[in-house]
DNA sequence: CGAACGAAAATTGTATACAATGTAGTATTC
DNA sequence: GAATACTACATTGTATACAATTTTCGTTCG
């Protein structure tokens with residue numbers, strides 16, 4: 001859980017107003033991103049408590065920023081907050097996971113359905129480049145990179161549909177299940193399967209086979225929830241729910 | 001824009017911990033709700049600035065709560081925040097509105113498609129009761145009540161699908177277009193059309209006519225974006241976009 | 001020996017003061 | 001006379017101190 005200090009040097013030109021790179025107070029957004037990564041990579045387990053002061057010390061900042069970050073993560077559905085008791089990494093039940101993936105599938109299929117064919121060669125090239133990055137990250141075992149390159153690939157793919165709201169909503173649902181990614185990604189064969197799926201998707205895209213692309217998208221979503229639910233049942237038993 | 005003071009009396013039993021009625025710091029959530037209502041009812045126009053100090057005075061509280069409320073509304077997509085310049089009521093372009101409604105339609109149709117038929121009589125009764133409240137609010141011209149009773153009707157209807165994530169996502173998208181509701185609701189005939197739609201929906205539900213319910217849901221979503229876009233084009237002209 | 005009570009510690013929630021930033025209005029210079 | 005620099009004001013961002021709440025742990029009583 002080692003984390004480099006934040007904001008050590010605050011002295012910046014102050015006169016540089018090129019665009020608006022930092023929307024939120026910046027610090028809060030960065031902290032949220034770090035915590036999110038920890039959750040994605042399985043470094044923070046479900047139901048683990050997230051204490052404001054600890055995180056403030058860790059990130060070398062005051063509680064205000066951490067507080068904002070936690071609020072943000074709560075809205076994203078990654079952490080759970082109980083009024084006077086604090087925040088913890090959210091644990092999803094198999095039912096919740098199933099529901100989220102059901103909606104995700106519907107939306108991703110919708111996106112694929114409205115993509116305008118044929119897809120421009122430049123877009124295909126871009127997807128191929130992102131796919132190569134993903135494959136390389138897998139080969140090197142760099143899990144954080146695997147996560148981000150996979151994310152970029154899917155954003156580019158669904159970005160082809162042109163409906164910003166749809167893209168945003170798909171992202172939102174994907175974020176909700178970030179916490180369970182590490183379960184499927186623990187199996188190298190699952191990673192490789194994902195890699196091959198991406199290749200098939202690009203192929204289908206190139207020849208404008210919409211139905212095949214839809215089928216691929218559906219299949220591509222199956223392994224993650226299955227792996228999580230299997231692990232969950234093994235941990236807590238099939239019938240009863242542990243209330244710990 | 002008259003608003004009653006908030007939190008005047010802070011003295012409460014303090015020993016009452018029945019459930020968790022207030023998730024957020026409560027004050028922030030209340031302020032967010034008030035501002036949201038103002039936007040829904042057209043009392044605050046798109047691009048109107050929301051100044052923290054003004055709102056703090058208005059709600060008789062300090063800036064911290066207002067700040068949180070604005071962050072919340074930003075995430076909901078109702079207000080827009082520029083880093084060091086503050087917040088304003090978000091104005092939606094016709095393109096954005098069209099995109100949002102496209103996704104909404106897909107999701108609402110999905111919800112209707114997975115409702116388990118036949119629907120329990122108690123659920124039908126509940127919908128009828130909510131429909132009556134809606135009709136009554138329209139008859140009395142109580143717009144705020146129209147808004148909330150309409151909301152409750154739809155939540156109950158889509159709640160029948162049983163997928164919590166789907167319900168949540170539908171709500172989310174509905175919230176994004178709260179700001180344009182007042183355009184369609186300005187026409188009394190539109191309100192009446194909505195009322196009749198609700199009656200037809202209940203009827204279709206009672207006899208398990210799924211296809212008809214789907215068609216009704218689709219039609220029900222049409223008027224709002226159309227009214228908004230018409231008003232928008234009349235205001236700004238069809239081709240060019242005002243940059244004011 | 002266990003359950004209930006109560007004080008202390010840990011943690012979150014709230015308020016305020018201060019600093020940084022952006023905005024506008026005015027004067028000054030070319 | 002118009003453009004620019006400068007100053008005063010308005011607004012947001014940040015940090016810290018304080019209050020309220022919950023949790024923990026030791027003690028006492030049944």
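Please give the length that would be gained between residue A:189 and residue A:235 if that part of the chain were fully extended, namely 0.36 nm times their separation in residues minus their C-alpha to C-alpha distance (nm, one decimal).
So the chain would gain 14.4 nm between residue A:189 and residue A:235.
Among B:83, B:225, B:121, whose mean-square fluctuation peaks in a Gaussian network model of chain B (Cα, cutoff 10 Å)?
Answer for the Gaussian network model of chain B: B:83.
Could you work out which residue, out of A:39, A:214, A:114, moves most in a Gaussian network model of chain A, that is, has the largest mean-square fluctuation with Cα springs under 10 Å?
Comparing A:39, A:214, A:114 in a Gaussian network model of chain A, the most mobile one is A:114.
Rounded to the nearest 0.05, what FRET efficiency do residue B:95 and residue B:54 have when you use their Cβ-Cβ distance and R0 = 30 Å?
The formula returns an efficiency of 0.45 here.
Suppose you put the label 7 Å out from Cα in the Cβ direction; list, shortest first and in nm with one decimal, how far residue B:222 is from each other copy's label.
3.9
Using a Förster distance of 22 angstrom, determine the FRET efficiency expected from the C-beta separation of residue B:47 and residue B:222, and round it to 0.05.
Efficiency at R0 = 22 Å is approximately 0.25.
P(r) tail for chain A, what percent of Cα pairs lie past 33 Å?
26
May I have the convex hull volume per residue, in Å³, for the Cα set of region A:69-132?
152
From other protein chains only, count the Cβ atoms within 10 Å of every residue's Cβ in B:67-75, then give the mean.
If you average over the peptide's residues, the count of other-chain Cβ atoms is 2.
Pop out the Kirkwood hydrodynamic radius of region A:117-224 from its pairwise C-alpha distances, inverse of mean 1/r, in Å to one decimal.
Value: 14.3 Å, from the Cα pair sum.
Kindly express, to the nearest 10 degrees and within the range 0 to 90, the angle between helix B:223-236's C-alpha long axis and the longest C-alpha principal axis of chain B.
The angle comes out at about 50 degrees.
If you bin the C-alpha pair distances of the protein assembly as shown every 10 Å from 0, what whole percents do you get?
Spelled out bin by bin, the protein assembly as shown gives 3, 16, 26, 29, 20, 6, 1 percent.
Specify the angular offset, from 0 to 90 degrees and rounded to the nearest 10, of the alpha carbon long axis of helix A:188-206 from the longest principal axis of the alpha carbons in chain A.
Here the helix axis deviates by roughly 50 degrees.
Take the alpha carbon gyration tensor of region B:171-218, find the square roots of its eigenvalues, order them as a ≥ b ≥ c, and report rounded if a/c is under 1.5; if not, report prolate when a/b exceeds b/c, else oblate.
Since a/c reaches 1.5 but b/c is at least a/b, the shape of region B:171-218 is classed as oblate.
Quick one: A:85, A:104, fewest Cβ neighbours within 10 Å first, how do they rank?
Lowest to highest Cβ neighbour count: A:85, A:104.
Find how many whole Å separate the alpha carbon centroid of region A:176-208 from the alpha carbon centroid of region A:45-62.
32
On the rotation axis linking copies A and B, which residue of A comes nearest by its Cβ, and by how many whole Å?
Taking the axis that maps A onto B, the answer comes out as A:75, 3.
Please report, in whole Å³, the volume per residue of the convex hull around the C-alpha atoms of region A:26-82.
Each residue corresponds to 75 Å³ of Cα convex hull volume.
Between the helical axis of A:210-221 and the dominant principal axis of chain A, each derived from Cα atoms, what acute angle in degrees is found, rounded to the nearest 10?
Here the helix axis deviates by roughly 40 degrees.
List the distances, in nm to one decimal, from the label point of residue B:189 to the label points of the same position in every other copy, shortest first, placing each label point 7 Å from Cα along the Cα-to-Cβ direction.
So the distances to the same position in the other copies read 6.5 nm.
In what sequence do B:82, B:146 fall when counting other Cβ within 10 Å, fewest first?
Fewest-to-most Cβ neighbours within 10 Å comes out as B:82, B:146.
What nm distances, shortest first, do you get from the label point of residue A:95 to those in the other copies when the point sits 7 angstrom along Cα to Cβ?
4.2
Determine, for B:56, B:149, the number of other Cβ atoms within 10 Å of each Cβ, and report the residues in order from fewest to most.
Starting with the residue having the fewest Cβ neighbours, the order is B:56, B:149.
Return the average number of partner chain Cβ atoms within 10 angstrom of each residue Cβ along peptide A:88-100.
Across the residues of A:88-100, the mean count of other-chain Cβ atoms within 10 Å is 2.
If I model a spin label as a point 7 Å beyond the Cα along the Cα-Cβ vector, how far apart are those points for residue B:164 and residue B:196 in nm?
3.9
None of the figures in this text is laboratory data; all of them are computed from the coordinates on show. Being a predicted model, the structure only gives us computed values, none of them experimental. Please note: Cβ atoms are built from the backbone with ideal geometry, for glycine as well, and neighbour counts cover all protein chains shown.
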